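Heads up: the structure comes next, in structure tokens.
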Amino acid sequence: MSQANPEGLTSWKGIADHLGVNVRTAQRWEEERGLPVRRLGGQRGRVVASTDELDAWKRATSHKPSWWNNLRIVRMWALSVTLPVAVALTVAFLWLLALPQAGTPASFLLVGADLIVTDHKGRRLWRRTLASRPDASAYLPANHRNRVWFGKLGREETSSVLFGLQPESALGGRPALQCYSQTGSLRWEFQPGRRARFQDTEYPLQYRLRAFRVLSSPVGDGRTWIAVNSVHVSQPASQVAVLDHEGNILHEYWHAGVMEAMETEDLDRDGFPEILLAGGDHPSRQAAVVVLDTRRMLGGATRPPEAVVDLSAMGPGSAGAVVVFPRTSLNRKFEQSHRARSVRVVDAWIMVQVSEQAADPDPYLLYTLDRGLQVVNVEVSVSLLNRYGDLKGAGLLEDELAPASLEKLRRGVRVLRY
């Protein structure tokens, strides 16, 4: 071994002599085993090495196996170890992203057959593939209140999601009210309807879920009930089912007619909400609003229908009241029937929109009722006034909606109480 140079060795010959090997071996050790040699910038081929660093390197590598000191082998070994670890970490990260995230459900999005639920900041909480592809037209923003609900059912500590599944096609599956947990697991499912009969014909289980509402249990146990309104796709038969917070049917009522809209309100302010249905009364072919007491509703419509649902085991119906609205001269001449399109409770008043003709824009009358179901006012939409004017000008209609006509309509509203 050559004598140590305090300023370092400045040639491959000196480095090789210090290590007791030839120049080629010293250069190979630099490449494969990390020999501590520094190259002098700007001077091609010039190197420098500290004898202290060379001695320390030699002591550190003398007890390692030969393969350990080969940088190529070490690099290959490190790659073989780190690559699977990196892949595993990537898979774990993606798996964590797919897991439901902590948060409170506040909104939803439909992508094909997938239901995506997000929190109030738009962050995705979970995603589930539904059994049937939903009908996109049933989930327009204006209809969200009838299709989805977020909150706590009764005394639950975490939030639930109620989702009204309306399939894209009647052949694609039955509609259902589904209850999901906060993390996206399906807790229960309610499928509406029964088999409807008309004379000697039995119709299949094809219903549309129109709306649902969550209301406080009137028995005062701190839990919640859910009212679900559905209609048959081809027959004038409507079902209202009241469920408990676990999806079990508590009460059920049927009406002979298409009930298009539903609201819940404590009309008599006794602490128990009533159900208000708006639609058509099939026997009379008139617009109607049905008022149901959630504590006592059961059975089928009290008034005998032309198309009936087989409810022989349930007994007679128990509607609290049925409000029937008269038909205008325009409706009687050009339409077979008319319907109440919506019902709203605003302060002390019940607002009922009655469509008089299938047209766009909708020609309607707006009836205002008090909480005792007495009519206090009737308003005419501009579209209905225009429609009367056009038909009268064309000689197709003789009268018009004068104040006397509106007063006659107001007096023609009937309230049937049961």
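Only the coordinates and a few stated rules stand behind these numbers; no lab work does. Because the structure is predicted, anything quoted here is derived from the model rather than measured. Neighbour counts run over all protein chains shown; Cβ positions are idealised from the backbone, glycine included.
Worth pointing out:
- Rounded FRET efficiency, nearest 0.05, which uses the C-beta distance separating Glu246 from Arg411 and R0 of 51 Å: 0.60
- Full extension of the segment from Thr25 to Gln336, taken as 0.36 nm per residue of separation minus the current Cα-Cα distance, would add 101.4 nm.
- Net length gained if the chain between Ala402 and Ser329 were fully extended (0.36 nm per residue, minus Cα distance): 25.1 nm
- Length released on extending from Leu140 to Ser383, taking residue separation times 0.36 nm less the Cα-Cα span: 85.1 nm
- Cα centroid separation, the stretch 11-38 to the stretch 243-300 (Å): 95
- Footprinting exposure proxy for Tyr253, Tyr388 (fewest neighbouring C-beta atoms within 10 Å first): Tyr388, Tyr253
- Inter-probe distance in nm under a simple model that places probes 7 Å from Cα toward Cβ, at Ser159 and Asp360: 3.5
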